[in-house]
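What follows is calculated from the coordinates using simple rules that are stated; it is not laboratory data. Because the structure is predicted, anything quoted here is derived from the model rather than measured. Cβ coordinates were reconstructed from backbone atoms using ideal geometry, including for glycine residues, and neighbour counts include every protein chain displayed.
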Amino acid sequence: MPVWDWLVRATHWALVLCVSTAWISTLDGVGFGPHENAGLVAGALVAVRLAWGRFGSRYARLSQFVQGPRATAQYARQVWQQTEQRHIGHNPLGGWMALALWATVAALAVSGWLYTTDAFWGEAWLDQLHRLLGWLLLALIAGHLAGVALTSRRHRENLVRAMITGHKPPPGPHDVA
């Protein structure tokens with residue numbers, strides 16, 4: 001069944017490309033041109049995805065997958081107990097992970113842009129913040145990948161393929177649609 005529309009998938013994979021480019025460009029001495037450009041595009045992609053989270057298709061909407069703290073904590077307990085239901089869209093933990101990833105990418109884009117302005121050029125605290133956010137993003141990505149692997153295994157579905165094709169198996173009687 002169709003779950004993730006083309007814009008959700010395009011912004012997801014474009015963010016993967018931008019974050020990878022920004023990270024790699026700092027490691028191999030290519031220079032900051034690719035780093036800056038990738039960061040600015042990543043920030044714009046987050047803005048597009050957040051707008052689509054308000055006006056987009058059913059499973060793209062933040063209201064569909066961002067649950068409150070109580071429901072998210074309950075779902076986390078169910079994951080721990082291995083009793084969680086399969087969600088057709090993002091599960092509650094996945095919804096909060098998406099928000100954390102987008103917020104961190106946005107903060108990186110803003111802090112990186114600020115560093116290029118006359119007012120903040122060479123500010124050590126801003127450089128440290130930007131680096132810290134970069135490491136935080138890397139940790140969040142590791143958590144995201146672990147969550148995707150765990151959920152794929154537990155529910156016997158390939159979430160990577162679903163993010164490529166946009167389709168997942170239809171809901172069963174105990175799934176959350």
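A few points about this structure:
- For region 65-117, the set of residues classified as without any contact (Cβ under 8 Å) to a residue 60 or more places away in the chain and assigned to a loop (DSSP other than H, G, I, E, B) consists of V66, Q67, G68, T83, H90, T117, listed by residue number.
Residues checked against (1) closer than 28 Å to G134 by Cβ; (2) touching a Pro at 6+ places or on another chain (Cβ under 9 Å):
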residue	(1), (2)
E36	yes, no
G43	yes, no
V46	yes, no
L50	yes, no
R58	no, no
V66	yes, yes
R70	no, no
R77	no, no
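One line per residue, one yes/no per condition, for (1) crowded, with 19+ Cβ neighbours inside 10 Å; (2) in contact with a Lys or Arg (Cβ under 8 Å, 6 or more places away or on another chain); (3) without any contact (Cβ under 8 Å) to a residue 40 or more places away in the chain:
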position	(1), (2), (3)
V16	no, no, yes
T21	no, no, yes
I24	no, no, yes
G33	no, no, yes
N37	no, no, yes
V41	no, no, yes
A51	no, no, yes
R54	no, yes, yes
A60	yes, no, no
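- Any hit, region 18-31, residues being of a type in the set (D, E, K, R) and assigned to a helix (DSSP H, G or I): no
- Region 156-177 residues that are within 17 Å of G94 (Cβ to Cβ) and in contact (Cβ under 8 Å) with a residue 12 or more places away in the chain, paired with ones that are of a type in the set (F, W, Y) and part of a loop (DSSP other than H, G, I, E, B) (beta carbon under 6 Å, 6 or more apart): G166/W4
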